[in-house]
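Undergrad: Below you will find the structure I want to go over with you.
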Amino acid sequence: MHPGDFKKYGLEFLEWMDGYFRSVREYPVLPKVKPGDIKAKLPAEPPSRGESIDDLFRDFKTVILPGMTHWQHPDFYGYFPAGRSEPSVLAEMLTATLGAQCMIWLTSPAAEELEERMMEWLRSMYGLPSDYSGVIQDTASTATLVSLLTAREVKSGYAINRNGYDRTYRFRVFASEHAHSSVDKAVRIAGIGHQHLVKIKSGPDHAMLPDELERAIAKDVRDGYTPLAVIGTFGTTATAAVDPLDAIGAIARRYNSWYHVDAAYAGTALILPDMRRMAAGIDLADTIVINPHKWMLTNFDCTAYFVRDKERLIKTFAITPEYLKTDADALVNNYRDWGIQLGRRFRALKLWFVIRHYGTDGLRQIISDHMEYARWLEKQIVSEPDFEILAPVLFSLVCFRYHPPRVQDESTLNTINENLLSQLNQSGRMFLTHTKLKERYTLRLAIGNSSTTQDDIRATWNFIKETARCF
């Protein structure tokens, strides 16, 4: 770049970014494209000569932007929210400019020490005991894998890291039938084997049944298996159900099993002191994962991973070749020993910006508002004779379906709701996703974007009703 161009284009980009924050609701939530449309507009070969930033920015706006799903649209209600806020984006700009690789204390002392402090702040905000240590992972999927790998090594006396698997180990992992798919992936990657993941039935509230868990573990013990780990969930992906963490934790302890709690989405609600009673027993966990990048206005990726015994974690992952040894190693946390990656991004900076900018009071108000919107929507659904709630509304996720009184056949109802979801999403006005609960096709509406207001929820609900009643 020529001198001054970086500032010139930076200001131009910043102007566009500011406009996007203000006008994102003007875009269709889902793009009007078909598979292959975007790729067809991209040259098959890279350019031999460099191109101007003007051309790049033009193509971003004309080729890339029309093919984007706008996750920050106030009417994006799919999956779970992907956090974003102005202070988080500004911090990401600084992080990118610094270009630091934060693998050990020496490579960026401020990055390591800020991360340590941010995890202490989060631990306090969530109301977790002070004997937990924390580290920022990229995603909850990675954190769950790290937890199971640590459990594997603790249970084997760290022998599997040294020697690999042999017939000595017959491990089993137990989780709810509604546990996140990252659990399935983790047992595969960890070498435990997918056939050794035991899914436990849930009750009418879609939470794991402790009696079923204990029966399954007891049977496996009789059959010669070792109950390696139990995974409880605080806010399942399908319905945001809360497993009885205290009862599950007691069972895990009784069988000397590792206990991991996945609170990736709903864990943010623990910043509200009144919500902590729902998480009774979470302090029994060996490891806990919560994602600030879902519901706490922090840009992806930023996962808070808490461990009861950091030495077990470090012993599982630490490898220290000569070129990584430093004089400070005994005095600091070298976070490259706390997970899979050697190289690490400076994620703590955006978390620092978000917490300081909003304050704990501001963040609590936002989470409380989202939950209030969900309760309002629940009341509207219950009041309509042709709609029904299919799962308890505990946080900011509402699970429901359209159920015309004249239709009782479940297969027909599934088809009606599948078509309804397709029509809603194709409208460009909103985006919802679905799940299946006891084979019933269920619409999921997850509230969590910082730009979403009560008026947005009201307009969304009216549009859902109007669209459904045209069937």
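Quick note: the coordinates plus some simple rules give every number you see, no bench work behind them. Model, not experiment: these values are computed from the prediction. In this analysis, Cβ positions are derived from the backbone assuming ideal geometry, glycine residues included, and neighbour counts consider all displayed protein chains.
Undergrad: Which of the three applies to the stretch 225-363, rounded, prolate or oblate, going by the alpha-carbon gyration tensor with a ≥ b ≥ c and a/c under 1.5 meaning rounded?
TA: It is oblate, given that a/c is not under 1.5 and a/b is not larger than b/c.
Undergrad: Run the simple label-point estimate for Met1 and Asp409 please: 7 Å along Cα→C-beta, distance reported in nm.
TA: Taking the two extended label points, one gets 6.3 nm.
Undergrad: As a check on your grasp of the helix formula, calculate [θ] at 222 nm for the chain: sum -39500 (n - 2.57) over DSSP H runs of n ≥ 4, divide by the residue count, round to the nearest 500.
TA: Estimated from H runs of four or more residues: -13000 deg cm²/dmol.
Undergrad: Straight-line reach only, C-alpha to C-alpha below 18 angstrom: list the lysines that Lys379 could link to, leaving out same-chain residues fewer than 8 apart.
TA: By straight Cα distance, Lys379 reaches Lys465.
Undergrad: So, one more: From the phi of every residue in the stretch 411-425, what ³J(HN,Hα) in whole Hz does the Karplus formula 6.51 cos²θ - 1.76 cosθ + 1.60 yield, where θ is phi - 60° and glycine or proline is x?
TA: Using θ = phi - 60°, the values come out as 5, 5, 4, 4, 5, 4, 6, 5, 5, 4, 4, 4, 5, 4, 6 Hz.
Undergrad: Right, another one. Within 10 Å, Cβ to Cβ, of Ile200, how many net charges do the neighbouring residues add up to if Lys/Arg are +1 and Asp/Glu are -1?
TA: Result for the local shell: -2.
Undergrad: How much length, in nm to one decimal, is gained on full extension between Ala280 and Glu26, taken as 0.36 nm per residue of separation minus their Cα-Cα distance?
TA: Result: 87.2 nm gained on full extension.
Undergrad: Using the Karplus curve 6.51 cos²θ - 1.76 cosθ + 1.60 with θ = phi - 60°, work out ³J(HN,Hα) for each residue of the stretch 335-342 in order, rounded to whole Hz, and write x for Gly and Pro.
TA: 5, 5, 8, 9, x, 7, 6, 7
Undergrad: Among rounded, prolate and oblate, which fits the stretch 254-336 when a ≥ b ≥ c are the square roots of the eigenvalues of its C-alpha gyration tensor, a/c under 1.5 means rounded, and a/b larger than b/c means prolate?
TA: Verdict is oblate for the stretch 254-336.
Undergrad: Still on this structure, please answer the following. Please work out whether the stretch 33-93 counts as rounded, prolate or oblate from its C-alpha gyration tensor, where a ≥ b ≥ c are the square roots of the eigenvalues and a/c under 1.5 means rounded, while otherwise a/b larger than b/c means prolate and anything else oblate?
TA: In terms of gyration-tensor shape, oblate.
Undergrad: Within the set Lys41/Lys61; Lys41/Lys350; Lys294/Lys350; Lys201/Lys436; Lys155/Lys219, which residue pairs have Cα atoms separated by over 24 Å?
TA: Distance filter (> 24 Å) returns Lys41/Lys350.
Undergrad: Please work out the FRET efficiency for the pair Asn425 and Arg458, using the Cβ-Cβ distance as r and a Förster radius of 25 Å; give the result to the nearest 0.05.
TA: The value I calculate is 0.80.
Undergrad: Residue by residue through the stretch 361-372, which ³J(HN,Hα) values in whole Hz follow from phi under the Karplus form 6.51 cos²θ - 1.76 cosθ + 1.60 (θ = phi - 60°), with glycine and proline marked x?
TA: Here the 3J(HN,Hα) series is 5, x, 5, 4, 5, 5, 5, 4, 4, 4, 5, 5 Hz.
Undergrad: In nm, what is the difference between 0.36 nm times the number of residues separating Lys41 and Tyr158 and their Cα-Cα distance?
TA: 37.0 nm
Undergrad: Next up: For His434, what charge total do you get from the other residues with a beta carbon under 11 Å from its beta carbon, if Lys and Arg give +1 and Asp and Glu give -1?
TA: Once positives and negatives cancel, what remains is +3.
Undergrad: Please list, in chain and number order, the residues 5+ apart from Arg170 or on another chain whose amide H is under 5 Å from its amide H, with Hs placed from the backbone.
TA: Long-range HN contacts for Arg170: Thr226.
Undergrad: Return the distance in nm (one decimal) between the two label points of a simple spin-label model at Arg188 and Arg167, each offset 7 Å from Cα along Cα→Cβ.
TA: Each label point is offset 7 Å from its Cα along the Cβ direction, giving 2.7 nm.
Undergrad: When the Kirkwood radius is taken over all Cα pairs of the stretch 319-379, what Stokes-Einstein diffusion coefficient follows at 10 °C and 1.306 mPa s, in µm²/s?
TA: For these conditions, the coefficient is 102 µm²/s.
Undergrad: Just to compare against my own numbers: the Cα pair-distance distribution for the stretch 100-345, 10 Å bins, whole % per bin, please.
TA: 7, 33, 36, 19, 5, 0
Undergrad: Using a 10 Å cut-off on Cβ atoms, rank the peptides 113-119, 28-34 from the highest mean neighbour count down.
TA: Top of the packing list down: 113-119, 28-34.
Undergrad: Please give the peptides 295-301, 421-427 ranked by average Cβ packing (other Cβ atoms within 10 Å per residue), highest first, as a rough proxy for protection.
TA: 295-301, 421-427
Undergrad: Still on this structure, please answer the following. Separation between the Glu120 and Phe13 pseudo-spin-labels, each 7 Å from Cα along Cα→Cβ, expressed in nm?
TA: 3.4 nm
Undergrad: Ok, one more. Using packing as a proxy for protection, rank 383-394, 51-62 so that the peptide with the highest average count of other Cβ atoms within 10 Å comes first.
TA: Descending packing order for the listed peptides: 383-394, 51-62.
Undergrad: Strictly greater than 43 Å: what percent of every Cα pair in the chain meets that?
TA: In whole percent, the share of Cα-Cα pairs in the chain beyond 43 Å is 20.
Undergrad: How high is the FRET efficiency from Glu322 to Asp131, r the C-beta distance, R0 41 Å, rounded to 0.05?
TA: Computed FRET efficiency for Glu322 and Asp131 comes out at 0.75.
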